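These notes concern the structure reproduced below.
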Amino acid sequence: MTDLPRYPIIDGHNDALMYFSPPTSAPVSTFFERIDGRQVDLPRAREGGLAAGFFAVFISEAESLDLAHHFDPTKIYEMPELPYAAAQPAAMAMVANLFRIEAQSGGQVRVVRTVADMEACLRDGVLGAALHFEGAEQIDAHLDALEVYYQAGLRSLGIVWSRPTIFGHGVPFKFPHSPDTGPGLTDIGKSLVRACNRLGIMIDLSHLNEKGFWDVAGITDAPLVATHSNAHALCQLPRNLTDKQLAAIAESDGMVGVNLVTALLREDARDDRDTPVETVVRHVDYLVERLGIDRVGIGADYGDAPFPKDLPDASSYPVLIAALARAGYDDDSLRKITHENWLRVLRKTWKA
C-alpha cells in the first residue's frame with residue numbers, strides 16, 4: 001500500500017481509456033508506465049493523489065480528435081451523429097480494456113460499483129475506477145444494452161457528448177454562445193433517464209444542451225450533476241453552465257466538477273497554456289458562491305486536451321490544492337472539494 005495523500009482526489013472525468021483505442025491503440029500494460037505526453041497513468045495518479053475517478057468511454061472521430069488538440073473559438077464545431085453500429089463495438093472494446101487494466105494491475109486498480117467500493121479504495125490506497133459513458137450512442141433504443149452495461153459496472157452516463165444521439169442533443173463548440181442550442185430529450189431519452197434512476201446510474205449533464213438539461217431536471221429523482229463543466233458567466237461556451245442551471249443543481253443538492261481544460265476556463269475560450277491556476281480558482285469561487293461548498297468538486301477532463309502549464313496532467317492536483325489553500329479554502333473545504341462531495345452525491349445516487 002502506498003502512503004495515503006492528505007487530500008485524496010476523486011475526479012469526475014478522465015479520458016485515459018482513449019489511449020488504448022484507435023488511432024493510438026496502445027497496449028493496456030502501458031497504463032502502469034509514466035509515458036511522455038500522457039496525462040493519466042498510474043504513476044501520475046500516484047504522484048497527484050488521484051484516489052478514484054470516472055473513466056470515460058468516449059468514442060472519438062477525426063473531428064473530435066482535431067478539436068481536442070486545438071479549439072479555435074472563432075470557428076463553430078458541430079459534430080455528426082455516431083451510428084449505433086459503429087459505437088457499440090468501439091464501446092465494448094473500451095470497457096474490456098478497463099477490466100484488462102484492473103486484471104493486470106496486481107490489485108493496484110479496482111473497478112468500483114458501490115460507494116463502499118470507492119471508500120475502500122481511498123482507505124487502501126487503490127486507484128478506484130468508476131465506469132462512465134460520455135455519450136450513449138452504444139445504447140440501443142430498447143435500452144437492452146443499458147441493463148447489460150450496468151451489470152458490467154456502468155455507474156455514470158452522459159446522455160450525449162457534443163453531438164446528437166437518439167436520446168438528445170449535445171451542445172456544439174461555439175463561442176460565445178449559450179447552451180440553448182436545440183431541442184430537448186426525445187421520448188427515448190426520457191425513458192433512458194427513468195431507467196438510470198431505477199438502476200442507480202448517475203446522469204451526467206455535461207455536454208447536454210439547455211432544453212435537455214431542463215428535461216432531465218423535470219424527470220429525475222436524483223441530484224443533478226455535471227461531472228466536468230464550469231461557469232458560463234466566466235467563459236461563455238455552451239459547454240458551461242448558466243446561473244439558472246447552477247441554481248437548479250443547488251436546489252437538487254447535486255454538484256459540479258470543475259473542468260481544467262483551458263478553453264472552458266478562459267474568458268476568451270482560447271487554448272492558452274499560459275493560463276494561470278488562479279483562473280481555475282476563480283471558477284471554483286464562482287461555483288461555491290452559487291452552489292455552496294458541499295456541491296463543488298473536480299472533474300479535470302485529463303486525457304488529450306490543452307491544460308494550464310502548471311496543471312498539465314494527473315500529477316498536478318497538489319498544485320491546484322495549494323492554490324485553493326492560498327485563496328482561503330480551509331482543511332474542511334479542501335476535503336469536500338477533493339473527495340467528500342463526490343461521495344455525498346454518489347450515496348444519494350448509486351444503489352447500495
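The values are calculated or read from the model by the stated rules, or taken from the named source; none is laboratory data. Nothing here was measured: the structure is a model prediction, and the numbers come from that model. Positions of Cβ are backbone-derived with ideal geometry, glycine not excepted, and every protein chain shown enters the neighbour counts.
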Within the stretch 280-290, which residues are surrounded by fewer than 22 Cβ atoms within 10 Å (Cβ to Cβ) and either assigned to a strand (DSSP E or B) or touching a Leu at 6+ places or on another chain (Cβ under 9 Å) (or both)? Val281, Arg282, Tyr286, Arg290
Scan of the stretch 303-335 for residues that are in contact with an Asp or Glu (Cβ under 6 Å, 6 or more places away or on another chain) and crowded, with 22+ Cβ neighbours inside 10 Å, ordered by number: Gly303
Unique match (being touching a Leu at 6+ places or on another chain (Cβ under 8 Å) and under 17 Å from Gly12 (Cβ atoms)) among Ala217, Ala231, Ala195, Ala136: Ala231
Return a yes/no flag: does the stretch 206-213 have any residue that is in contact with a helix residue (DSSP H, G or I) (Cβ under 7 Å, 6 or more places away or on another chain), in a loop (DSSP other than H, G, I, E, B) and among the hydrophobic types (A, V, I, L, M, F, W, C). no
Return yes when Asp66 is modelled with pLDDT under 80, of a type in the set (D, E, K, R) and under 22 Å from Leu265 (Cβ atoms) and no when it is not. yes
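Where in the stretch 1-107 are the helices (runs of 4 or more DSSP H), entirely inside, with at least 2 residues that are surrounded by 13 or more Cβ atoms within 10 Å (Cβ to Cβ) and more than 22 Å from the chain's Cα centre (by Cα)? Write out each step before concluding.
Values: elements: 42-48, 62-69, 84-104.
Passing ranges, in order: 84-104.
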